[in-house]
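The structure appears below as structure tokens.
What follows draws every value from the coordinates through simple rules; no lab data is involved. Remember, it's a predicted structure, so these values are computed and weren't measured experimentally. Ideal geometry is used to build each Cβ from the backbone, glycine not excepted, and the neighbour counts take in all protein chains shown.
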Amino acid sequence: MNTPFTARKNLVIAGIVYWAIISIVYSIILTGTLKNFSLTTAQVIIDTIISNILVTASCVLILNNMRYYLPRQEKYWYVLTVSLGLSGICFLIAKGVLWIIFNDDPHYLQSFSQSTGIRYGISFLLIGCFSMMSLLWYTQEEQKTMSERKADAERLAKDAELFKLRQQLQPHFLFNSLNSISALTGTQPEKARHMIQQLSDFLRGTLKKDDQQWSTLEEEIQYLRLYLDIEKVRFGHRLQTEIIYTDEVLLLKLPSLLLQPVVENAIKFGLYDTTGEILIKLEATKENNYLKIMVQNPFDPETSQPLKGTGFGLSSIQRRLFLLFARQDLLKTHKNQANFITVILIPQIK
Amino acid sequence: MKVIIIDDEPLARSIVKEYLQLYKEIDIVAECGDGFEGMKAIVQHEPALIFLDVQMPKINGFEMLELIENPPAVIFTTAFDEFAIKAFELNATDYLLKPFSKERFNKAVQKYLNTSSIPASQPVIETAAQSPGQQNRIVVKDGSKIKIIPVNQIHYLEAADDYVKIVTAEGQFLKKRTMSFFEQSLGVHQFVRIHRSYIVNTQLITRIEVYEKDSHLVLLNTGAKLQVSKSGYSKLKDILEI
């Protein structure tokens, strides 16, 4: 496929070839016509060169002009008007220049006046043909880039969709949970069955909701508990959780499936950055017209990376909040001595 | 035969334990929940074979292996399959993807038993620390302690015989690696090999001075002065766009 640059190069080459052909045609016609008026060879050559340069200049002008402005409606009228105008201008300039050069030869001047019609006609035909050609060329180019852009946009949308699906399936979490179940089936089949139940409920929740929906905090906490119970089976006593809220916040709304990734991030951060037991704390409160959610996880200030921004897990949450509320300040993180704290504010829209 | 299981999930350890019951000659001498414990246990018990998870607290399985002088045979157990190629680069005996069946597990153990009669020659673990997402730090032994150095805290690296000296604000650490290893793995982090003996953190460069005819000196904001070779200078110019 051609890039716009090479496509343009092709157009220029085509233009030059076209120009060479029209020059020859023009010369032949002009020479033939002017011969009838018995002019000298020098006069024919000078006349041909000047007329041709003007026609060529008009063609270059059209070529460049259409690069920036491509008529969409009434394009054939546009071509006609431009060609008529430009050939008129060409004719006038040629007349001016030639009359200055040959102003002492009344025979030439008379011949020129007599050939007005044919000169104008030829210029018009040549310029008209060229404008039509450029118009078609640029229209085709435009369509090509448009379809490329469309294909690009479609590909991007598909990528995003795939990414979303992959995120929803959470392969790491899923495979490790399945491994835990596999371990439990041998020794504690009852527990294994219970975990399969929890995992199924969790996955069903993921599939059922789409992220355009809103849920109450109560629903989200229920869903979160499923997730936490599974993680607790996986990590055993190392993982402790605490969820604090009052009854008044339970019915507040928030975007579906927003909390789980935040908590997942906290667990990953907490579990992989320290070796002991960890406590993940979630606290939901109402503040003015906002639902405020604070998630806290321990970290090791000695080995932890100095955090730039909010980390990958949280950047997608931030993005989602931005898309929903057009605000960048709803997710904030800070840390104290041994804890990393994420605070999310969710505006309550009545 | 001594075996150690290293995995941060207790149930993941228990399934390996359960599958190993079949083998009377195998003796599980330790179970560890993270790389630190794992390293200690390996040094203490000198097992013939370890079952090792990759994603673990503090240091991952690959980083742990790097810290051990003569690592035992390794069977990796993990849910990530993007690590598989790396595991085989490390000459792992086998690689089990969780959850794995008993048959698959037996095959891995059998593979070890078949190859262990031949004295295993462990190759130098050159690419170990490059597990996805973990390239931004280097794990070193500092006496009996383990030190995790975030890459952006490194001032520069200096060649020191078979070792590489890692210079940071907190001091210097030695790591048994080649300069070209670090040249490659730190390339993405604004580090440049400016000399046969130096790799520098370009973020810290404050000045470049002419030293002799074909060589230059870089000055870091820490006060350090490092020699730059001719080819190093042209690399530096590319990176700093001067």
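Taking all pairs of different Cα atoms in region A:239-347, averaging 1/r and flipping that mean, what Kirkwood radius in angstroms comes out?
Value: 14.4 Å, from the Cα pair sum.
Over 27 Å between Cα atoms, which of A:Lys268/B:Lys98; B:Lys102/B:Lys145; A:Lys268/B:Lys107 qualify?
The pairs that break the limit, which is 27 Å between Cα atoms, are B:Lys102/B:Lys145; A:Lys268/B:Lys107.
Taking neighbour Cβ counts within 10 Å as the exposure measure, how do B:Val200, A:Val295, B:Val43 sort from fewest upward? Before the final figure, lay out each step's value.
Working: B:Val200 27, A:Val295 23, B:Val43 11.
Fewest-to-most Cβ neighbours within 10 Å comes out as B:Val43, A:Val295, B:Val200.
Please list the three semi-axes, largest first and in whole Å, of the ellipsoid equivalent to region A:75-194, using sqrt of 5 times the eigenvalues of its alpha carbon gyration tensor.
83, 11, 7
Given a Förster distance of 25 Å, report the FRET efficiency between B:Gln190 and A:Arg319 from their Cβ-Cβ distance, rounded to the nearest 0.05.
FRET efficiency, B:Gln190 to A:Arg319: 0.40.
Which value at 222 nm does chain A reach when only helices count, each DSSP H run of 4 or more adding -39,500 (n - 2.57), with the total divided by all residues and rounded to the nearest 500 deg cm²/dmol? Could the numbers behind the result be given before it?
Working: 10 runs with 235 residues, N = 350.
For chain A, the value works out to -23500 deg cm²/dmol.
Give me A:Ile16, B:Ile138 sorted ascending by neighbouring Cβ count inside 10 Å, so fewest comes first.
Ascending number of Cβ neighbours within 10 Å: A:Ile16, B:Ile138.
For B:Ser229, what is the net charge nearby, where nearby means another residue's Cβ is under 10 Å from its Cβ and Lys, Arg count +1, Asp, Glu -1? Intermediate results must be reported in sequence, preceding the final value.
Numbers: positive: B:Arg193, B:Arg196, B:Lys230, B:Lys235; negative: B:Asp214.
Net local charge, B:Ser229 excluded: +3.
Between rounded, prolate and oblate, where does region B:1-70 land on the alpha carbon gyration tensor, with a ≥ b ≥ c its root eigenvalues, rounded for a/c under 1.5, else prolate if a/b exceeds b/c?
oblate
With the dipole of chain A worked out from charges on the C-beta (+1 for Lys and Arg, -1 for Asp and Glu) around the Cα centre, which of A:Ser200, A:Leu345, A:Val25 lies farthest toward the positive end?
A:Val25
With +1 on each Lys and Arg Cβ and -1 on each Asp and Glu Cβ, and nothing else charged, work out how big the dipole of region A:239-347 is about its Cα centre, in Debye to the nearest 20.
My answer is approximately 520 debye.
Between A:Leu279 and A:Asp247, what length comes free when the chain is fully extended (0.36 nm per residue of separation minus the Cα-Cα distance, one decimal in nm)?
9.2 nm
Given contacts defined as C-alpha pairs under 8 Å and at least six residues apart, what's the relative contact order of chain B, whole-number percent?
Once normalised by length, the contact order is 10 percent.
Which semi-axis lengths, in whole Å and largest first, follow from the square roots of five times the eigenvalues of the Cα gyration tensor of the protein assembly as shown?
Numbers: eigenvalues 1056, 246, 126 Å².
Listed largest to smallest, the semi-axes of the protein assembly as shown are 73, 35, 25 Å.
Check which residues have an amide H placed less than 5 Å from A:Phe340's amide H, if you skip close sequence neighbours.
A:Asn297, A:Phe299
Below 25 Å, Cα to Cα, which lysines can B:Lys237 reach? Residues fewer than 8 away in the same chain don't count.
Answer for B:Lys237, where 25 Å is the Cα cut-off: B:Lys165, B:Lys213, B:Lys225, listed by chain and number.
Taking θ = phi - 60°, what integer Hz values does the Karplus form 6.51 cos²θ - 1.76 cosθ + 1.60 yield along region B:137-152, in sequence order, with x for Gly and Pro?
Rounded to whole hertz, the list is 8, 10, 9, 10, 8, 10, x, 8, 8, 10, 10, 9, 9, x, 4, 6.
Given Cβ point charges of +1 (Lys, Arg) and -1 (Asp, Glu) and nothing else, what value in debye, to the nearest 20, does the dipole of chain B about its Cα centre take? Please list the in-between numbers first.
On the way: 28 positive and 31 negative charges, 80 e Å.
Rounded to the nearest 20 debye, it is 380 debye.
Which whole-Hz couplings ³J(HN,Hα) result when phi for each residue of region A:84-98 is put into the Karplus expression 6.51 cos²θ - 1.76 cosθ + 1.60, θ = phi - 60°, listed in order with x for Gly and Pro?
Result, ordered by residue: 4, x, 5, 5, x, 4, 4, 4, 5, 5, 4, 4, x, 5, 5 Hz.
Give me the log10 of I(q) over I(0) for region B:138-240 at q = 0.19, 0.24 Å⁻¹, as the Debye formula computes it from C-alpha points; what are the numbers?
Debye intensities relative to I(0), on a log10 scale: -0.90, -1.38.
Residue by residue, what Karplus-based ³J(HN,Hα) values in Hz, rounded to whole numbers, does region A:175-181 have, using 6.51, -1.76 and 1.60 with θ = phi - 60° and x for Gly and Pro?
Working through the residues one at a time gives 5, 5, 5, 4, 5, 5, 4 Hz.
Would you work out which of A:Gln328, A:Asn297, A:Leu314 lies farthest towards the positive end of the dipole of region A:239-347? Charges go on Cβ: Lys and Arg +1, Asp and Glu -1.
Positive-end residue among those listed: A:Gln328.
Please arrange B:Met1, A:Met66, B:Met39, A:Met146 by how many other C-beta atoms lie within 10 Å of their C-beta, fewest to most.
Going from sparsest to densest Cβ surroundings: A:Met146, B:Met1, A:Met66, B:Met39.
Say a paramagnetic label sat at a point 7 Å from the Cα of A:Arg327, along Cα to Cβ; which residues of region A:252-270 have their backbone N under 16 Å from it?
A:253-255
Please average, across the residues of A:177-189, the number of beta carbons from any other chain that are within 10 Å of each residue's own beta carbon, and give a whole number.
5
In debye, nearest 20: dipole of the protein assembly as shown around its Cα centre with unit charges on the Cβ of K, R (+) and D, E (-)?
The dipole magnitude comes to about 1140 debye.
To test your reading of the geometry: what angle, between 0 and 90 degrees and rounded to tens, separates the Cα axis of helix A:4-35 from the longest principal axis of chain A?
Approximately 10 degrees, to the nearest 10.
A:Leu291's amide H: which non-local residues (gap 5+, or another chain) put their own amide H closer than 5 Å, with H modeled 1.01 Å from N in plane and none for Pro or chain starts?
For A:Leu291, the qualifying residues are A:Ile346, A:Gln348.
No solvent, one uniform scatterer per C-alpha: report log10 I(q)/I(0) for chain A via the Debye equation at q = 0.09 1/Å, two decimals.
The calculated log intensity ratios at q = 0.09 Å⁻¹ are -0.66.
When the helices in chain B are scored as -39500 (n - 2.57) per DSSP H run of 4 or longer and the sum is shared across all residues, what 222 nm value do you end up with, to the nearest 500 deg cm²/dmol?
One gets -8000 deg cm²/dmol as the mean residue ellipticity at 222 nm.
Using a Gaussian network model of chain A whose springs link C-alpha atoms within less than 10 Å, name the residue from A:Arg193, A:Arg234, A:Arg72 with the highest mean-square fluctuation.
Fluctuation is largest for A:Arg72.
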